[in-house]
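*Asks:* Could you have a look at this structure, given as structure tokens, before my questions?
The values are calculated or read from the model by the stated rules, or taken from the named source; none is laboratory data. This one's a predicted model, so the numbers in the text were calculated from it and none came from an experiment. Cβ coordinates were reconstructed from backbone atoms using ideal geometry, including for glycine residues, and neighbour counts include every protein chain displayed.
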Amino acid sequence: MGMGGACGHAQSAPASPAQIWHSSAAQDLSHEAASIPEAKYDIDPHKIWTLPELIDLAEQHNPETRVAWAQAKARAASLGIARSALFPTMAAVALAATVRTAALIGEYFHRQTEGLFQPTLHVEYLVLDFGGRSGAIDLAKANLLASDFAFNDTHRKIIFQVASAYYRLLNAKGQREAAEVSLKNAQTVEEDAQNRLSNGLATKPDLLEATAARAQADYDLQAAVGAEDIARGDLATVMGLPPATTFQVQDIHDLATPSDMAGSVDQDIDRAFAQRPDLMQQLTRIRAASASIKEARSTYFPTLSFAGDGGLARAYGQQDLYPGSYAQGEVWSVGMQLKWTLFDGLRREHQIAEAEAGKKEAQAGVEALRDQIADEVWTAYTNMKTALRQQQAAAALLTASEQSYEAARESYGYGVRNLLDVVSAQKTLAQARSEDIAARSQLLLQVAGLAFRTGDLIQVQPPKAGP
């Protein structure tokens, strides 16, 4: 089979829906994908990283910020292109030609040979267009503004992604530490049961119950260790690092948690309306549609343009076999053109109708997004208020469970309580410790969620000149 046949076969559809498609083209792409270098950067594995430090790393290295930044730069270039229409265009033109013709003079044809070399400067300028260029510039400005807001919204989303992954990692780390403490408590209870059995103060079922509780605590610990590894990999991925990257984070108890709501839900909704970059981006669509209407309406009016050439011409001429001669001189031409489209098959009417429909769509989109934002803020505010009450209840439960466990152990030592009571108190304490960690991390996550919905996350960040 020739090259053409091989290429055609490589790009053909699968022979059957029951078979997996493989081809040389697919293999080439697989090799190309495997050869792409993995994006990574150095991070101190021993340093205890805070959330703001990790957010800064993510904003620098997450590819989504570079994509949004490049799009904004492209829109800025588009604005420059639109503004260039306000200026004349100049071009250097060099014309070189040679012609041989037969000229009829009297009763005979005479051969004439001419050669021409003419360098000129060509100038064109649109003098008047009744808003066409300014409409295009306004459209480019609106698109640039939309890209800037999209860039900010990308940072808002990445900050929230890092914060969410960070708090989930703190929760997993806290759950692992709580599971380790619970395992130590279970081992202590098992040792007490073994000692009392050796002294004839306990029964074999008591020891078996304590051993089962210790085994369950060990099982819970292994699950917590795996969950922490997954959470660490998730956070590393958001920061643009390989999932297996090793780094340290703070302890969840080192982070302060709020004790009350900072403001009312109405204040948060109003702040979201003033700050959310996605709402600002939607508003720029109205500006863009208005600019499109302005640009479309300008086509109903005439355009006035100027064009001119100026330069030198050097020519050579010869008739028949007589000696030729050279000549040179200035050449120039200037013209003004007034162009008015009288009929175009209703093209302009449809362009204006399309632009006006786009503006109404953008206006409706703003209203829909405002309703969505209000609902998102209300939900985030309610979730944070609920998480605040749960955290307070979990803290009280942990205190009561610790006291109950210590009292059960002390009473068991005096022979007043049995081992089942101690095991039950130890399990309750382990559950309370886990719920306290979960409630703390959930409260911090809901605080970040409310800040994400109101747009507060990007208000504290310094302006960046790059990705």
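*Asks:* Can you work out which of the residues in the range 331-363 that are of a type in the set (S, T, N, Q) and in a helix (DSSP H, G or I) is surrounded by the most Cβ atoms within 10 Å (Cβ to Cβ)? Quick ask: steps written out before the conclusion?
*Replies:* Step one: filter the range 331-363 for residues of a type in the set (S, T, N, Q), giving 333, 337, 341, 351, 363.
Those still in the list that are in a helix (DSSP H, G or I) too: 351, 363.
Working: Gln351: 17, Gln363: 15.
Result: Gln351.
*Asks:* Quick one: Ala296 ticks every box in (1) buried (at least 17 other Cβ atoms within 10 Å of the Cβ); (2) of a type in the set (Gly, Ala, Ser); (3) not in a helix (DSSP H, G or I) bar one, so which box is it?
*Replies:* (3)
Okay, residues lined up against (1) surrounded by 10 or more Cβ atoms within 10 Å (Cβ to Cβ); (2) assigned by TED's automatic domain parsing to the domain that holds Met280; (3) modelled with pLDDT under 95:
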site	(1), (2), (3)
Thr101	yes, no, yes
Gly106	no, no, yes
His110	yes, no, yes
Glu114	yes, no, yes
Gln118	yes, no, yes
Ile137	yes, yes, no
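*Asks:* If you go through the range 395-438, how many residues are farther than 18 Å from Val181 by Cβ, among the acidic types (Asp, Glu) and surrounded by 15 or more Cβ atoms within 10 Å (Cβ to Cβ)?
*Replies:* Total satisfying the criteria: 1.
*Asks:* Next question, about the same structure. Take the conditions among the small types (Gly, Ala, Ser) and not assigned by TED's automatic domain parsing to the domain that holds Val447 and apply them to Gly329. Does it pass? Step through it out loud before you land on a result.
*Replies:* Working: among the small types (Gly, Ala, Ser): yes; not assigned by TED's automatic domain parsing to the domain that holds Val447: yes.
Yes: the conditions hold for Gly329.
*Asks:* Looking at Leu79, Leu104, Leu57, which is the one that is farther than 30 Å from Lys141 by Cα and within 27 Å of the chain's Cα centre (by Cα)? Explain how you work it out, then say what you get.
*Replies:* Numbers: Leu79 fails: farther than 30 Å from Lys141 by Cα; Leu104 fails: within 27 Å of the chain's Cα centre (by Cα).
So the residue among Leu79, Leu104, Leu57 that is farther than 30 Å from Lys141 by Cα and within 27 Å of the chain's Cα centre (by Cα) is Leu57.
*Asks:* Still on this structure, I have one more. Against the condition of a type outside the set (A, V, I, L, M) and modelled with pLDDT of 85 or more, how does Glu53 come out, does it pass? Reasoning before the result, please.
*Replies:* Values: of a type outside the set (A, V, I, L, M): yes; modelled with pLDDT of 85 or more: yes.
Criteria met by Glu53.
*Asks:* Checking the conditions here, which among Ala296, Ala374 is out of contact with any strand residue (DSSP E or B) (no Cβ under 6 Å at 6 or more places or on another chain) and modelled with pLDDT of 95 or more?
*Replies:* On the way: Ala296 fails: modelled with pLDDT of 95 or more.
On inspection, the qualifying residue turns out to be Ala374.
*Asks:* Next question. Is one or more of the residues making up the range 140-149 on the phi > 0 side of the Ramachandran plot, surrounded by fewer than 23 Cβ atoms within 10 Å (Cβ to Cβ) and in contact (Cβ under 8 Å) with a residue 40 or more places away in the chain? Lay out the reasoning, then the answer.
*Replies:* Step one: filter the range 140-149 for residues on the phi > 0 side of the Ramachandran plot, giving none.
There is no residue in the range 140-149 that is on the phi > 0 side of the Ramachandran plot, surrounded by fewer than 23 Cβ atoms within 10 Å (Cβ to Cβ) and in contact (Cβ under 8 Å) with a residue 40 or more places away in the chain.
*Asks:* I'm told Asp254 meets every condition in (1) farther than 30 Å from Glu367 by Cβ; (2) at pLDDT 95 or above except one. Can you identify the failing condition by its number?
*Replies:* The number of the failed condition is (2).
*Asks:* Out of Ala236, Ala227, I need the residue that is buried (at least 21 other Cβ atoms within 10 Å of the Cβ) and assigned to a helix (DSSP H, G or I). Which one? Steps first, answer last, please.
*Replies:* Working: Ala227 fails: buried (at least 21 other Cβ atoms within 10 Å of the Cβ).
Of Ala236, Ala227, the one residue that is buried (at least 21 other Cβ atoms within 10 Å of the Cβ) and assigned to a helix (DSSP H, G or I) is Ala236.
Conditions tested, residue by residue: (1) of a type in the set (Asp, Glu); (2) in contact with a strand residue (DSSP E or B) (Cβ under 9 Å, 6 or more places away or on another chain).
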position: Tyr166; (1), (2): no, yes
position: Glu177; (1), (2): yes, no
position: Ala193; (1), (2): no, no
position: Leu208; (1), (2): no, no
position: Asp220; (1), (2): yes, no
position: Thr237; (1), (2): no, no
position: Gly240; (1), (2): no, no
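*Asks:* Moving on to the next point. Give me a count of the residues in the range 263-291 that are farther than 30 Å from Gly132 by Cα and surrounded by fewer than 19 Cβ atoms within 10 Å (Cβ to Cβ).
*Replies:* Within the range 263-291, the first condition is being farther than 30 Å from Gly132 by Cα, and the residues that meet it are 263-276.
From what's left, surrounded by fewer than 19 Cβ atoms within 10 Å (Cβ to Cβ): 263-267, 270-271, 273-275.
Within the range 263-291, residues that are farther than 30 Å from Gly132 by Cα and surrounded by fewer than 19 Cβ atoms within 10 Å (Cβ to Cβ) number 10.
*Asks:* Please specify each residue of the range 283-297 satisfying the condition of being over 27 Å from the mean Cα position of the chain (by Cα) and not aliphatic (A, V, I, L, M).
*Replies:* Within the range 283-297, Ser290, Ser292, Lys294, Glu295, Arg297 qualify.
*Asks:* May I ask you to list pairs of residues, at least six apart or on different chains, whose Cβ atoms are under 6 Å apart, with the first in the range 207-224 being in the same structural domain as Val181 (by TED's automatic domain parsing) and β-branched (Val, Ile, Thr) and the second being surrounded by 16 or more Cβ atoms within 10 Å (Cβ to Cβ) and modelled with pLDDT under 95?
*Replies:* From the range 207-224, the pairs are Thr211/Glu190.
*Asks:* Picking from Ala34, Ala70, Ala39, Ala74, which residue would you name as being part of a helix (DSSP H, G or I), under 47 Å from the mean Cα position of the chain (by Cα) and modelled with pLDDT under 90? Steps first, please.
*Replies:* Details: Ala70 fails: modelled with pLDDT under 90; Ala39 fails: part of a helix (DSSP H, G or I); Ala74 fails: modelled with pLDDT under 90.
Selected residue: Ala34, the only one of Ala34, Ala70, Ala39, Ala74 that is part of a helix (DSSP H, G or I), under 47 Å from the mean Cα position of the chain (by Cα) and modelled with pLDDT under 90.
*Asks:* Among the residues that make up the range 413-424, is at least one of them free of Cβ contacts under 8 Å to residues at least 60 places away in the same chain and either under 37 Å from the mean Cα position of the chain (by Cα) or not assigned by TED's automatic domain parsing to the domain that holds Ala172 (or both)?
*Replies:* The answer is no, given that none of the residues of the range 413-424 is free of Cβ contacts under 8 Å to residues at least 60 places away in the same chain and either under 37 Å from the mean Cα position of the chain (by Cα) or not assigned by TED's automatic domain parsing to the domain that holds Ala172 (or both).
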